[in-house]
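The values are calculated or read from the model by the stated rules, or taken from the named source; none is laboratory data. Being a predicted model, the structure only gives us computed values, none of them experimental. Note that each Cβ is placed from the backbone with ideal geometry, even for glycine, and that neighbours are counted across all protein chains shown.
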Amino acid sequence: MLNKEIIFPIYSKILGKYLKEEMKKKGLSQYDISFAYSKEDIKCIDNRTVRGILKGSRNMTVDSQTGFQESLGIKTPKDLFFPNEQFCLSLISEILEVLKTDSHFKKSSLRRQLFNFLNRRYGCNDIKFENFEKHIIDKFIESLLNFFPEFPNEESSLEISEKISDWLVELAFLLSEL
């Protein structure tokens, strides 16, 4: 199993939850996600595709990304893929919990770095990310957001997840530094 296979379901679930909340705020249904395909043509995203993305079980492709961006009034792909601090907090928190518990990471240096950091900083391994000091949380979020430009080369949620998997190297470095 690869890191991206673990990260994708985490990321997709959090992204789907965010999109569902935004659609509810704007009064949109799964049938309302669309984008201007050309001056004369509007392309609607299939409701099964939208439903799968909202459930976190389906990859968001370029067309879906464009549809959500236009329908929700989101300016940049980065604002869609990483909409706010709470989103990033949830994502990093879930990733850290998986690092602590998933057998895939059992012998990884990343897990060792995480446990060393937790023991050094907090004297235990079971503290939640939300309970870290604010400046540490901010460093993690800043690191994640700086890893992606405003207009990422990655155009799907699967590709974003793969890049988040690459970010885990930087996360290990951060853990060793703090």
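Only helices (runs of 4 or more DSSP H) wholly contained in the range 59-178 count here; list those with 2 or more residues that are outside the structural domain of Y31 (by TED's automatic domain parsing) and among the acidic types (D, E).
85-101, 134-146, 157-177
Please indicate, with yes or no, whether at least one residue in the range 15-23 is more than 20 Å from P152 (Cα to Cα), touching a Phe, Trp or Tyr at 6+ places or on another chain (Cβ under 9 Å) and assigned to a loop (DSSP other than H, G, I, E, B).
Among the residues of the range 15-23, not one is more than 20 Å from P152 (Cα to Cα), touching a Phe, Trp or Tyr at 6+ places or on another chain (Cβ under 9 Å) and assigned to a loop (DSSP other than H, G, I, E, B), which makes the answer no.
One residue is enough: does the range 130-139 have a residue meeting the conditions of a type in the set (D, E) and in contact with a helix residue (DSSP H, G or I) (Cβ under 8 Å, 6 or more places away or on another chain)?
Within the range 130-139, one or more residues are of a type in the set (D, E) and in contact with a helix residue (DSSP H, G or I) (Cβ under 8 Å, 6 or more places away or on another chain).
Here is a list: N116, N146. Which entry is exposed (fewer than 11 other Cβ atoms within 10 Å of the Cβ), among the polar types (S, T, N, Q) and on the phi < 0 side of the Ramachandran plot?
Of N116, N146, the one residue that is exposed (fewer than 11 other Cβ atoms within 10 Å of the Cβ), among the polar types (S, T, N, Q) and on the phi < 0 side of the Ramachandran plot is N146.
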